[in-house]
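These notes are about the structure you will find just below.
The values are calculated or read from the model by the stated rules, or taken from the named source; none is laboratory data. Since this is a predicted model, take the numbers as computed values, not measurements. In this analysis, Cβ positions are derived from the backbone assuming ideal geometry, glycine residues included, and neighbour counts consider all displayed protein chains.
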Amino acid sequence: MVTIDHDAVLRARVLLLGSGRQSRAELVGAYRVLAEASPKAYGPKLVDALLSLGYESRDPEVDLALAAEASRAARRMETDAPDRAERLRRALNALQVSLFALGRRAEGRAVCEELAEAGWGGPLATVLAEEGRFREAAELNRVAARNGVPEHSFWDMVRWAANLEGAGLPDAAAAVFGELLEETRRRTAEQRTSLSILTWELVHFSRMREAAGDGAGAAAARREALGVLEELATTGEPKNWSSILGWWSTLFTLSGRAAEPAASPGSPMPPFGTEHGWSGDARGRFHGMLPGLEAEAAGLRGADRLPELVDVLRRIAIRAVVRHGDHHHLFEERLRPYFDEGVTLGRRLPDDPARLARALTDRAMFLVAARTFEPAHADFAEAVALLQDR
């Protein structure tokens, strides 16, 4: 039986009724007391206040304590309480993020499993993909994508296709991505999405088919992408689309997955695509490779080993895009040197048209993101010609 401190309850009520603005910490303290006396009324407010206080913290241990308390408070809410499910989801999500940030992966995975059991499988799918368990992740992606919504989510379909590809099922992956691509074609015809997005998707699909050994399918996708780019170079976008950099950065980052170390439970790697949702330890490991890659690039440059240098520099460029690829401020100034250098070095490899074509394609898609369509068309046309001549 809980013993209520009525004086503490009175002080908490006085604080809330006061004319001054209470801090988040003061609100948490008041709601802790009041939730003991009136859990139905103040339990939800305690969850919200704890999560809000977590936004002010810069201490991972404090973040974890607040998220854990919020999760306990959310679980104690009555099952039919309004918005209980959403509060529990937010609290558990904050808890798993905090656990992964501290490297407590097994505990974080257990919280993700609880989320999945409650109907939110996205975090668990990410964790499984980080550990190389692509087939299991893809099944969770399938459930998320087939959620009864008439139009597919780009993010759900890309994750699903990527994990099918990671599971060694290229045709299944192509079928899923092909559904997304077909929908994007319809939406661009109706001017409900960007021609740039259609271009990026077509180029990514061509890479998927090339990797699967379907040269004819890859060539067809490249020709279609070249046609869309020609339209962009001639007339530009029919409408102004303001926030689409995430589509480009997601697909460009995903294109580099095969060049990274294999993922495993003991050595997690990001699932690629959008950085949002990566667990903290996998993100840290990915970015932590940068000094080693830069040192490797310096050694290769000194030895004039250009093919390997081009490959390592691309991995470095992908990390730059993960950090800055969806930020409009100084977008071109920050990122263009990576793509220019790739093309410059590729031109020094006359017997390796595939690497030059890849560098030209990478720069073309970056230039589309920078809305510089004529140079993008020129680069991609050159890349298509090189691949046709192989």
Legend entry - Tabulated pairs, segment 319-330, first acidic (Asp, Glu), second surrounded by fewer than 20 Cβ atoms within 10 Å (Cβ to Cβ), C-beta under 7 angstrom, 6+ apart or interchain: Asp326/Leu245; Asp326/Gly246
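Applying the selection to segment 325-363, what residues are aromatic (Phe, Trp, Tyr) and surrounded by fewer than 18 Cβ atoms within 10 Å (Cβ to Cβ)?
Of all residues in segment 325-363, those aromatic (Phe, Trp, Tyr) come to 331, 338-339.
Listed by number, the list holds a single entry, Phe331.
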Inset, instruction - Pairs only if they're at least six apart or on different chains, beta carbon under 8 angstrom, first in segment 364-381 and under 16 Å from Leu251 (Cα atoms) and touching a residue at least 12 places away in the same chain (Cβ under 8 Å), second polar (S, T, N, Q) and surrounded by fewer than 16 Cβ atoms within 10 Å (Cβ to Cβ); list them, first residue then second. - result: none
Inset, instruction - Give segment 321-373 a look and list any residue that's among the polar types (S, T, N, Q) and under 19 Å from Ile197 (Cβ atoms), or say none. - result: Thr361, Thr372
Inset, instruction - Starting from segment 347-358, take each residue that is farther than 11 Å from Leu386 by Cα and list its partners that are of a type in the set (D, E, K, R), counting only C-beta distances under 8 angstrom and pairs at least six apart or across chains. - result: Leu349/Arg355
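Among the residues of segment 302-313, which ones are assigned to a helix (DSSP H, G or I) and closer than 17 Å to Asp352 by Cβ? Before the answer, list the steps.
Narrowing segment 302-313 to residues assigned to a helix (DSSP H, G or I): 302, 306-313.
Selection gives Leu306, Pro307, Glu308, Leu309, Val310, Asp311, Val312, Leu313.
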Inset, instruction - Using the structure shown, decide if Arg222 is surrounded by 21 or more Cβ atoms within 10 Å (Cβ to Cβ) and within 22 Å of Val384 (Cα to Cα). - result: yes
Inset, instruction - Any residue in segment 82-100 that's closer than 15 Å to Asp59 by Cα and among the charged types (D, E, K, R): show its pairings with residues that are at pLDDT 95 or above and part of a helix (DSSP H, G or I) at Cβ separation under 7 Å, as long as the two are six or more apart or on different chains. - result: none
